[in-house]
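These notes are about the structure you will find just below.
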Amino acid sequence: MTSAGEKQHYALALLKRLFEHLPSKFTIGCLYDIGCQLERSCQKWSLLDDSILSHLTFVISVFYAYGHQWPCQLIYHPHKCIGFGLSDGEGCERLWSCLKFLIPILCVSGVRFSLFMLKEIS
């Protein structure tokens, strides 16, 4: 779980922290590139409490779904899971793609200039 590649412990830490601040009746959908593996790890090694897992739905983004095996696509594809609508799971990638032109400008700038630039583009 801590070897090269996807670092599942980061996702687990974020989920645990998120559930500390949510009411117990909430259900959360987790769109993650390897959501299928993360769910299996949680079940196999009890990495998350059952109280969290019962309120958590794992899916994989549409782009990554087609690289997974057929059973995985059927179970974890967001269009086949309730509550995800037509989401493709690539929203963050689109945001970063829109902001990539700021990287060279903000690389060595101070906090005030960074905030100024972010306000200017919005």
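Data overview
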quantity	calculated
Estimated Rh, the chain: Kirkwood, alpha-carbon pairs, angstrom	16.7 Å
Given charges at Cβ of Lys, Arg, Asp, Glu: the range 6-122 dipole, positive-most of Leu99, Gly67, Leu86	Leu99
Label-point separation in nm, Ile121 to Cys107, each point 7 Å along Cα→Cβ	1.5 nm
Per residue accessible area in Å² of the range 75-122, where ligands, DNA and RNA are left out and the probe is 1.4 Å	82 Å²
Mean-position separation - Cα centroids, the range 33-50 and the range 79-122, in angstrom	28 Å
Table column - 3J(HN,Hα) (Hz), the range 98-103, Karplus curve with 6.51, -1.76, 1.60, x for Gly and Pro	6, 9, 5, 5, 7, 4
Under 5 Å, built H, 5+ apart or other chain: amide partners of Leu56	Ile28
Dipole in debye (nearest 20) - the range 47-113, about Cα centre, beta carbon charges: Lys, Arg +1; Asp, Glu -1	320 debye
Helix-only [θ]222 nm of the chain, DSSP H runs n ≥ 4, -39500 (n - 2.57) each, per residue, nearest 500	-14000 deg cm²/dmol
Surface accessible to a 1.4 Å probe, Phe116 within the full protein complex, Å²	110 Å²
Accessible-area composition of the chain, carbon plus sulfur, in percent [1.4 Å probe]	62 percent
Dipole in debye (nearest 20) - the chain, about Cα centre, beta carbon charges: Lys, Arg +1; Asp, Glu -1	200 debye
Extension gain (nm, one decimal) between Cys98 and Lys25, 0.36 nm per residue minus Cα-Cα	22.8 nm
Relative contact order computed over the chain (Cα-Cα under 8 Å; 6+ residues apart), in percent	19 percent
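The values are calculated or read from the model by the stated rules, or taken from the named source; none is laboratory data. Owing to the predicted nature of the structure, the values given are computational and were not obtained by experimental measurement. Using ideal geometry, Cβ is built from the backbone for each residue, glycine included, and neighbour counts are taken over all protein chains shown. Just the protein is used for accessible areas: all its heavy atoms, side chains included, with ligands, DNA and RNA removed. Shrake-Rupley method; radii C 1.70, N 1.55, O 1.52, S 1.80 Å.
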